[in-house]
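Data first, discussion second: the structure below is written as structure tokens.
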Amino acid sequence: MDDPLMLDANAVAGELYELLGVEVTTFVVRCAHCGNRDAMGALRAWTHGPGVVLRCVVCSQVVMRWARRPDGARLDLRGAAFLQPR
């Protein structure tokens, strides 16, 4: 996908660390939609919205998204079948 607003998830590594309290870009993530397994840092990131969206590199489905609100961050991981440290 050729989108000038797309980054890889390594671009949001600091924000992921703030949310989860651990460095996760090297974790293996499995897409719940297509079953692809890859490093979390390889996911495609869109950061120019009200939150951040991480999509699978194979099927482009949403794997993870979050938004910061006045009452705290909202994190949605339903697109990840699992996250596993390497």
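Values in this text are rule-based calculations from the coordinates and carry no lab data. Model, not experiment: these values are computed from the prediction. Glycine gets a Cβ as well: all are built from the backbone with ideal geometry, and neighbour counts include every protein chain shown.
Given just the C-alpha atoms of the chain, how large is their convex hull per residue in cubic angstrom?
With only Cα atoms used, the chain gives 83 Å³ per residue.
Just in the chain: which GluC sites (Glu not before Pro) are loop by DSSP and have at most 14 other Cβ atoms within 10 Å?
Working: sites: E15, E18, E23; in loops: E23.
Answer by residue number: E23.
Report the one residue of L5, C31, L20 whose Cα lies farthest in the direction of the positive end of the charge dipole of the chain (charges on C-beta: Lys and Arg +1, Asp and Glu -1; origin at the Cα centre).
Most positive-ward Cα: C31.
At 0.692 mPa s and 37 °C, plugging the Kirkwood radius over alpha-carbon pairs of region 37-86 into Stokes-Einstein gives what diffusion coefficient in µm²/s? Mind dumping the intermediate values first?
Details: Rh = 11.6 Å.
The estimated diffusion coefficient comes to 284 µm²/s.
Could you check the simple spin-label distance between M6 and L20, using points 7 Å along Cα→Cβ, in nm with one decimal?
Distance between the two pseudo-spin positions: 2.1 nm.
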